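Below is one structure; the comments refer to it alone.
What follows draws every value from the coordinates through simple rules; no lab data is involved. Everything numeric in this text was worked out from a predicted model, so none of it was measured. Virtual Cβ from ideal backbone geometry, glycine too; neighbours counted across all protein chains shown.
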Amino acid sequence: MTSLTFPPGFRWGASTSAYQIEGALDADGRGACVWDTYTAQGRIQDGSNAATACDHYHRFPEDIALMKAAGFDSYRFSIAWPRIVPAGTGAVEPRGLDFYDRLVDALLEAGITPMACLYHWDLPQPLEDAGGWQGRAVVGPFADYARIVAARLADRVKEWMMLNEPNVVAIHGYGTGEHAPGHQLGDTGILRALHHQNLAQGAALRAIAAEHSGLTLGTVLNLQPSVPDSDRPEDVAAAARWDAVWNRVSLDGVMRGQIPPLLAEAMADFVLPGDEEAIRYPIDLLGINYYSRMTMKHEEGHPFDVWWGEARCRRWTGMAWPVQPEGLYDLLTELRTDYANPAVFIAENGCAYDDVVADDGQIHDDERVLFFREHLEAVAQAAREGCNVKGYLCWSLLDNFEWAFGLSKRFGVVRVDYDTLARTPKDSYRFLSSVAKGGDK
Ligand code: BGC
């Protein structure tokens, strides 16, 4: 068997998120979200914003055609909460629902299975003003929003993901302030944001399941194995602490209804009786976003007194993230062994590099091709060894608005020229296409 052979029925595609690609932020009654506010505060490194981004809101037919031509059969996108319920609670904006209706119909028409994610970081600003993920006031509105969207789309969208990377929202949004809403609320702020997202997720899963049968319900977690920088006891303890915060609050929350014992005391003030039951849910599909391992050491003055050590890796990406495909293999096998082999989907995996447009007008992104090849080998090996991995979605279809980095970091397999909005497939697009079509083994 060759190294890029996958189980029968293995699915292929790409992931995107609304805020990063849609643009059209003022169109059709959309409300403001925390990223609009954060951007307006001048906190994006290259001074850009997402007002136009890839203009996917108007150009989605072209983007769907690109996926179809690649041979992709699956697409994860996110729905913008502020397009559907502009104030976070209350009035529903039908024009927002109409947009996703058109998108879904066009995907199905192209033979691409839509996987809708309900929350990829665009919290309506009025909900943040009322405390955001620091409190439980947001739980009910999220479940209501989930119910509204499913009522409109669940006749055609069968796969639903609740959240995207609650750990990144909590740590960067409420801990370090590097993401919207930009707070620095310390360890407790991080744990509060994690717990309230868990509660909102549990409520939304139940809200959708109560009204629709036959759906595949899940969530998307960014799981990165946390390894110690050295075998000094304080580094080993630091890596375990970081594992609890980064991975386990979310993973064990939904899968086991368990608050990590290491954090139980720190979370005791806001975990109420009944919460563990409310956050547990027998999801049908776990989406995994994987970028690298995390090599951690003890260092005071950082969240949880943990800081980055020196990663052992093959290479570095243009984000200065280590390339460690072995970590993806380890993660998949751990889920098989310790979590009863749940059905999983690689919901994001990819890399940014400083792409160059060559004289022939093309983007020969060899480093990205190699990144994909090595990670796909890890997935294929895990699948051969019995891991229940159903598909692979690259991050991302298009170059897009990379949050605090703005438009300066390019993760797409299709280049976007931000002046003309022209799309140019890169060599990595052709590579993934050939794998998806079964031609590159
Ligand atoms: C997020 C994406 C982001 C990507 C690269 C993930 O954390 O889900 O929105 O663009 O990583 O940073």
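Just a few scattered comments:
- Ordering 185-191, 79-85, 200-206 by mean Cβ neighbour count within 10 Å, with the highest value first, yields 79-85, 200-206, 185-191.
- Selection from Gly175, Met162, Ala210 lying farthest towards where the dipole of region 123-220 points positive, charges on Cβ: Ala210
- Taken about its Cα centre, region 128-286 carries a charge dipole of about 540 debye when Lys and Arg each add +1 at the Cβ and Asp and Glu each add -1 at the Cβ.
- Under Karplus coefficients 6.51, -1.76 and 1.60, residue-wise ³J(HN,Hα) of region 246-261 in Hz, glycine/proline x: 6, 9, 7, 4, 7, 5, 6, x, 6, 7, 10, x, 10, 7, x, x
- Check: region 301-441 dipole with +1 on Lys, Arg Cβ and -1 on Asp, Glu Cβ, in debye: 460
- The phi-based Karplus calculation (6.51 cos²θ - 1.76 cosθ + 1.60; θ = phi - 60°) puts the 3J(HN,Hα) values of region 31-46 at x, 7, 10, 4, 6, 4, 5, 4, 5, 5, 7, x, 9, 8, 4, 9 Hz, whole numbers, x for Gly and Pro.
- Shape category assigned to the chain from the gyration tensor of Cα positions, a/c cut at 1.5: rounded
- Using R0 = 30 Å, the C-beta based FRET efficiency linking Asp330 and Glu299 works out to 0.80.
- Extension gain, Ser3 to Leu272: 0.36 nm times the residue separation minus the Cα-Cα distance gives 92.0 nm.
- Virtual spin-label span in nm between Val357 and Asp28, 7 Å along Cα→Cβ: 2.9
- Residues listed by number, region 301-322, amide nitrogen under 18 Å from Glu234 label point at 7 Å toward C-beta: 301-310
- In this structure, the residue pairs whose Cα-Cα separation is over 21 Å, taken from Lys68/Lys158; Lys158/Lys426; Lys297/Lys409; Lys68/Lys390, are Lys158/Lys426; Lys297/Lys409.
- Using the Cβ-Cβ distance between Arg384 and Asp105 with R0 = 56 Å, the FRET efficiency computed as 1/(1 + (r/R0)^6) comes to roughly 0.90.
- Taking label points 7 Å from Cα along the Cα-to-Cβ direction, Thr420 and Asp46 give a separation of 1.8 nm.
- Electrostatic tally near Ala116: other residues with Cβ closer than 11 Å to its Cβ, Lys and Arg +1, Asp and Glu -1, net +3.
- For region 11-436, a simple Cβ point-charge model (Lys and Arg +1, Asp and Glu -1, everything else neutral) yields a dipole of about 860 debye relative to the Cα centre.
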